[in-house]
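Asks: Below: one structure in structure tokens.
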Amino acid sequence: MPASSPPRSPLRALRSGFIASPQTLGLIAAINTAIALVLWIPDDRAFWHPLVTAHLCGWCIAYSVNVAAPWRSRSPILRIVTACAVGALIGIALVILVKGYPLSDVQHRAAFFAANVAAAFSCGLLISLILYVKAREARATAELLKAEAERHLLSKQAVEAELKLMQAQVEPHFLFNTLASVQFLTETDPRQAGRLLAHLIEYLRAALPQLRASSTTLGKESDLVAAYLNILKMRIGDRLAFRLDVPPELRGHPFPPNLLISLVENAIKHGIEPSADGGSIVVGARHEGDSVVVDVCDTGRGMTSNASTAGHGVGLSNVRERLAALYGARGQFRLEPVTPRGVRAVLQLPFEPG
């Protein structure tokens, strides 16, 4: 039930009756004309007689309902009924004045004019109730869309808050394992230790500026992935090969932080590492229509035999949730099998020129 609005001054209320959109005015004029055509069917007089009657009564009822403002009231139906009754009485009174009926004729044909008042009231009430119900449905739909937009905003904020928490933590196992490899190589192969340490510094240089960033670019994300894969390649050797194919014109395109490396980590964890002979990873990006398509393709173990759970892990679910929160239906993610083996993870984001 809508809350009652603050009381309006009588003059302000009377002025508000003239406020209506052009679409509403056109609709009322069309309805009045249609009623006049119906009234004219059994009427032997010229068409202007029912036309004047229908428009005078119709506009008076519409004005009265607009002044009553039932959508502001706790008792909208009562206001509509009262407004239609007042409008019908005023409308018939104006019909008598405009058409110049003598007072004696009005008294003699009182039943006829009373029937006109009743007919105008009935038509006005029916049409007003229909329009009121339609307006109430429109307001309910608008409130639902507003609530959905607020929910979407809260969801986006929650995802971004979770992202910032993830960004504030550098993966400890990855760092510890890399540092352990550096320590081992320092004793066995100092030259390789220096190269691995350089790759680690490159990785941290790419990762640290993004710890508190809410957005980054595809180029920075690809640099982070390159540093990450260089470190892994030194650790697991020839079992891993990789290539990055990001066009220069797309390197500056906005991109969600840590989204690309999440897909690369997933390919390593579920594709390359479980495979006896490893495999290769290719990261590519291209501009297609109004979208930017980024894919991570690996030649590892491929899709698992359990098709019902393939592609629905926690990490990939987070990817889907982030895309939905950031881009809605325009952000898409899918997994595709690769022949003869492997998996392609495909991201589709809205293209943002410039």
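Okay, residues lined up against (1) modelled with pLDDT under 85; (2) of a type outside the set (Phe, Trp, Tyr); (3) touching a Pro at 6+ places or on another chain (Cβ under 9 Å); (4) crowded, with 17+ Cβ neighbours inside 10 Å:
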site: Leu14; (1), (2), (3), (4): yes, yes, no, no
site: Ala30; (1), (2), (3), (4): no, yes, no, no
site: Trp71; (1), (2), (3), (4): yes, no, yes, no
site: Ile77; (1), (2), (3), (4): no, yes, yes, no
site: Val86; (1), (2), (3), (4): no, yes, no, yes
site: Asp105; (1), (2), (3), (4): yes, yes, no, no
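Asks: Across segment 324-354, what is the number of residues that are surrounded by 15 or more Cβ atoms within 10 Å (Cβ to Cβ) and either outside any strand (DSSP E or B) or of a type outside the set (A, V, I, L, M) (or both)?
Replies: The total comes to 13.
Asks: Given the conditions (1) of a type in the set (Ser, Thr, Tyr); (2) surrounded by 17 or more Cβ atoms within 10 Å (Cβ to Cβ); (3) outside any helix (DSSP H, G or I), which single one is not true for Tyr101?
Replies: It is condition (2) that Tyr101 fails.
Asks: With in a helix (DSSP H, G or I), closer than 19 Å to Thr24 by Cα and assigned by TED's automatic domain parsing to the domain that holds Val133 as the only criterion, which of Asn66, Asn116 stands out?
Replies: Asn66
Asks: Shifting gears a bit: Can you tell me which residue within segment 34-49, out of those that are touching a helix residue (DSSP H, G or I) at 6+ places or on another chain (Cβ under 7 Å) and assigned to a helix (DSSP H, G or I), is surrounded by the most Cβ atoms within 10 Å (Cβ to Cβ)?
Replies: Among those residues, the one meeting the criterion is Ile35.
Asks: Another question about this same structure. Give just the number: which of (1) β-branched (Val, Ile, Thr); (2) over 39 Å from the mean Cα position of the chain (by Cα); (3) crowded, with 18+ Cβ neighbours inside 10 Å does Val52 not satisfy?
Replies: Exception for Val52: condition (3).
The values are calculated or read from the model by the stated rules, or taken from the named source; none is laboratory data. What you are looking at is a predicted structure, and each value in this text was computed from that prediction instead of being measured. Note that we place each Cβ from the backbone using ideal geometry, even for glycine, and neighbour counts take in every protein chain shown.
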